[in-house]
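Q: Just dropping this structure here.
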Amino acid sequence: MDFKKVLFIISILLFSTLIYSQNISYKIVDTNLKTFYNNTSAISEPAENNDFFGQDAHYNGFQSSYSNNGDSTITDNVTRLIWQQNMGEKISFNDAFVKADSLSLGNYTDWRVPTLKELYSLIQFNGITGQSTANAKPYINTDYFDQPFGDESLGERYIDAQTWSATEYVGKIMHENDGIFGVNFIDGRIKGYPKTKPATGSPNKMYFRLVRGNLDYGKNNFIENNDGTITDLATGLMWQQSDNAQTYDWQTALEYAENMELAGHFDWRLPNPKELQSIVDYTRCPDVTNSAAIDTLFSCTEINDPDGNPGHFGFYWTGTTHHDGPQIGKHAIYIAFGEAQGKINSELLDVHGAGAQRGDPKSGEREDYPQFFGPQGDVRYVYNFVRCVRTLDTLQTGLNSIQKNEINIYPNPCSDSCNITFYENTLHSKIKVVNIAGKTIKIINPQNIKSGTIQVKMDKLEPGIYYLIIQNRNEIISKKIIKV
């Protein structure tokens with residue numbers, strides 16, 4: 001083989017290794033929600049094309065996996081982050097960084113306060129908020145992590161056990177207060193909380209769970225595909241670049257996502273909260289950057305807030321039911337890419353910050369909303385926007401498919417064409433050629449071939465790495481091929 005071609009192939013293989021490492025740098029851990037719901041309660045699994053198909057429990061991501069290291073640390077085997085098992089007492093934001101700098105635990109001294117995206121990787125939406133500690137189940141795996149409730153003897157509510165992150169809100173919350181984003185593993189929310197007590201100015205104190213390892217976690221690697229989609233190589237997800245400027249209740253949002261065709265793909269769905277939160281940009285907010293809290297590659301429909309003020313951005317549905325309130329099943333989770341507003345004493349404020357995660361009722365009459373609910377008067381729209389997602393084919397095969405030796409692809413590397421030989425008597429319905437960004441380049445319908453050889457033309461493709469995604473009734477087989 002020509003020496004230049006050899007060098008080219010070596011460089012492609014090295015680049016392939018790089019892309020693979022980027023794909024696994026920000027694995028989104030599954031929500032662990034396995035129950036199906038309609039608008040009000042749990043139901044049996046809806047079949048495809050039926051009402052409520054396409055919700056969180058229909059899709060499986062990277063399943064959570066932890067190891068107790070026996071030294072008060074827990075390793076997340078998916079994210080490669082190592083966590084402090086016990087948080088200790090509530091402390092101030094500044095004291096948390098002092099603690100991290102001085103902590104020696106598990107023979108490590110490189111502990112840090114986690115970013116919000118790192119911290120949110122631990123949330124599990126099979127938790128239950130309940131009405132008291134008697135019927136609450138934390139939104140974190142308590143087989144591995146200590147998770148206290150609020151101390152009611154001190155006048156706290158049982159849900160007052162928020163865990164702060166290192167992520168500060170770039171805007172202001174409540175009445176011009178500096179805010180710190182945290183995760184409440186008791187009620188299953190992300191909110192911005194005042195850094196100091198508004199009444200006294202003294203530091204607020206919250207829980208902190210320190211972390212170490214995988215410094216790339218939470219960092220996106222977006223590619224614009226120039227077809228209305230954005231690929232994040234860090235997570236292995238492809239996103240709808242722009243919403244369609246329409247709002248939906250939850251059931252209709254599911255239907256819209258399941259029926260969407262975009263950029264030659266038909267496997268779009270509503271994201272779960274952890275997937276959708278992965279594309280929040282916490283350096284942006286309407287009050288500071290005059291934009292939604294998302295990378296500028298994306299676009300969000302601008303709205304007026306409930307007081308009629310322009311320059312705001314809406315909430316975006318997820319496919320995940322929130323186990324909150326006296327009747328589990330009535331609420332679903334959204335991510336606020338604009339201000340997470342609420343009304344306190346008749347004044348509309350950004351109470352929780354752009355990038356907050358809360359929940360809305362799944363259904364209601366459009367003309368009855370917005371409404372305001374709870375101690376911070378959270379605005380409820382019920383009719384929210386949708387940004388669909390799909391899993392890249394190359395990642396999906398690693399999640400739920402079995403690689404078999406039932407096919408042979410040759411030559412590989414190839415130049416003008418390659419051959420696919422099928423050995424087993426399996427009905428293959430479709431072959432796709434996709435690039436490393438997950439974009440479909442061509443689709444081949446091999447006339448339901450069971451065995452034999454077909455040729456795939458590659459002469460019009462640029463040199464590089466591609467994947468042949470071969471689908472049959474039961475599985476997806478992915479084979480990497482190099483075009484020279």
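The values are calculated or read from the model by the stated rules, or taken from the named source; none is laboratory data. Since the model is a prediction, treat every value here as computed from it, not as a measurement. Reconstructed Cβ throughout: ideal geometry from the backbone, glycine too, with neighbour counts over all protein chains shown.
Q: Just a yes or no: is a residue in the stretch 106-124 within 21 Å of the chain's Cα centre (by Cα), assigned to a strand (DSSP E or B) and not assigned by TED's automatic domain parsing to the domain that holds Ala332?
A: no
Q: Report, by residue number, each residue of the stretch 203-231 that is at negative phi and free of Cβ contacts under 8 Å to residues at least 60 places away in the same chain.
A: As a first pass, look at the stretch 203-231 and keep what is at negative phi: 203-212, 215-217, 219-225, 227, 229-231.
Leu215 - this is the single residue of the stretch 203-231 that is at negative phi and free of Cβ contacts under 8 Å to residues at least 60 places away in the same chain.
Q: Tell me, yes or no, whether the stretch 33-49 has at least one residue that is part of a loop (DSSP other than H, G, I, E, B), of a type in the set (Asp, Glu), in contact with a Lys or Arg (Cβ under 6 Å, 6 or more places away or on another chain) and modelled with pLDDT of 95 or more. Step through it out loud before you land on a result.
A: Within the stretch 33-49, the first condition is being part of a loop (DSSP other than H, G, I, E, B), and the residues that meet it are 33-35, 38-41, 44-49.
Retained after the next criterion (residues that are of a type in the set (Asp, Glu)): 45, 48.
Those left that are additionally in contact with a Lys or Arg (Cβ under 6 Å, 6 or more places away or on another chain): none.
Scanning the stretch 33-49 turns up no residue that is part of a loop (DSSP other than H, G, I, E, B), of a type in the set (Asp, Glu), in contact with a Lys or Arg (Cβ under 6 Å, 6 or more places away or on another chain) and modelled with pLDDT of 95 or more.
Q: Only residues that are at pLDDT 75 or above, within 24 Å of Phe266 (Cβ to Cβ) and either in the same structural domain as Ala263 (by TED's automatic domain parsing) or among the small types (Gly, Ala, Ser) (or both): list them for the stretch 394-446, please.
A: Passing the criteria: Ala437, Gly438.
Q: Which residues, counting only those in the stretch 293-312, are part of a strand (DSSP E or B) and over 19 Å from the mean Cα position of the chain (by Cα)?
A: Within the stretch 293-312, Glu302, Ile303, His312 qualify.
Q: Could you tell me which numbered condition Gly218 fails, if it satisfies all but one of (1) at pLDDT below 95; (2) of a type outside the set (D, E, K, R); (3) in contact with a helix residue (DSSP H, G or I) (Cβ under 9 Å, 6 or more places away or on another chain)?
A: (1)
Q: Okay, next question. Which pairs have Cβ atoms under 7 Å, sit 6 or more apart or on different chains, and link a residue in the stretch 339-355 that is assigned by TED's automatic domain parsing to the domain that holds Val280 and over 18 Å from Arg189 (Cβ atoms) to one that is part of a strand (DSSP E or B) and modelled with pLDDT under 95?
A: Short answer, once both residue conditions are applied: none.
Q: Let me ask something else. If the Cβ limit is 7 Å and pairs must be 6+ apart or interchain, which residue in the stretch 127-152 that is within 18 Å of His322 (Cβ to Cβ) pairs with which residue that is modelled with pLDDT of 95 or more and among the acidic types (Asp, Glu)?
A: Matching pairs, first to second residue: Thr129/Asp187; Thr129/Asp324.
Q: Could I ask something else about it? Are there any pairs with C-beta distances below 7 angstrom linking a residue in the stretch 297-313 that is crowded, with 19+ Cβ neighbours inside 10 Å to a residue that is among the basic types (Lys, Arg), with the two at least 6 apart or on different chains, and if so which?
A: Nothing qualifies.
Q: What number of residues within the stretch 338-362 are closer than 17 Å to Phe125 by Cβ and not in a strand (DSSP E or B)?
A: 2
Q: Residues of the stretch 258-277 being closer than 24 Å to His322 by Cβ and buried (at least 19 other Cβ atoms within 10 Å of the Cβ), which ones?
A: Answer for the stretch 258-277, where residues must be closer than 24 Å to His322 by Cβ and buried (at least 19 other Cβ atoms within 10 Å of the Cβ): Glu258, Trp268, Arg269, Leu270, Pro271, Asn272, Pro273, Lys274, Glu275, Leu276, Gln277.
Q: Okay, moving on. So if I check each of Ile91, Ile82, which one is touching a Gly at 6+ places or on another chain (Cβ under 6 Å) and either closer than 28 Å to His323 by Cα or assigned by TED's automatic domain parsing to the domain that holds Asn126 (or both)?
A: Details: Ile91 fails: touching a Gly at 6+ places or on another chain (Cβ under 6 Å).
Every option except Ile82 fails the conditions.
Q: Just checking, does the stretch 139-147 include any residue being part of a loop (DSSP other than H, G, I, E, B) and under 28 Å from Gly338 (Cβ atoms)? Full working, then the answer.
A: Restricting attention to the stretch 139-147, the residues satisfying the condition of being part of a loop (DSSP other than H, G, I, E, B) are 139-147.
Filter once more, keeping what is under 28 Å from Gly338 (Cβ atoms): 139-140.
Taking every residue of the stretch 139-147 in turn, at least one turns out to be part of a loop (DSSP other than H, G, I, E, B) and under 28 Å from Gly338 (Cβ atoms).
Q: Can you confirm whether the stretch 323-333 contains a residue that is out of contact with any strand residue (DSSP E or B) (no Cβ under 9 Å at 6 or more places or on another chain) and in a loop (DSSP other than H, G, I, E, B)?
A: First pass over the stretch 323-333, keeping only residues out of contact with any strand residue (DSSP E or B) (no Cβ under 9 Å at 6 or more places or on another chain): 326-327.
Those still in the list that are in a loop (DSSP other than H, G, I, E, B) too: 326-327.
Within the stretch 323-333, one or more residues are out of contact with any strand residue (DSSP E or B) (no Cβ under 9 Å at 6 or more places or on another chain) and in a loop (DSSP other than H, G, I, E, B).
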